[in-house]
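Below you'll find the structure, written out as structure tokens, and then a few comments.
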């Protein structure tokens, strides 16, 4: 049972890393229009503030899944891959 769970979790994490790569690309794609609109607005303080808020929101939507993936990987390494002592 533990081997099956470990294999399933490992496959899930590999698929998750692919999803995170696509999430990074999505973040870059979403940031380009924000930067372009800031340029078109002439760099006014309001445009800079709205652009900053938008970019922080995009960064959080990209960074939080990475933090969650690291915590899940750490949990998997500690709990699931720990050797089980054999009682004789």
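Things to note:
- Filter result for residue 47 (touching a residue at least 40 places away in the same chain (Cβ under 8 Å), over 14 Å from residue 59 (Cα atoms) and either out of contact with any helix residue (DSSP H, G or I) (no Cβ under 6 Å at 6 or more places or on another chain) or surrounded by 11 or more Cβ atoms within 10 Å (Cβ to Cβ) (or both)): no
- Only one entry of 31, 47, 10, 59 meets the criterion of being under 14 Å from the mean Cα position of the chain (by Cα) and not in a loop (DSSP other than H, G, I, E, B), and that entry is 59.
Quick note: the coordinates plus some simple rules give every number you see, no bench work behind them. Given the structure is predicted, the values throughout are model-derived calculations rather than measurements. As a convention, Cβ positions derive from the backbone with ideal geometry for all residues, glycine included, and neighbour counts pool all protein chains shown.
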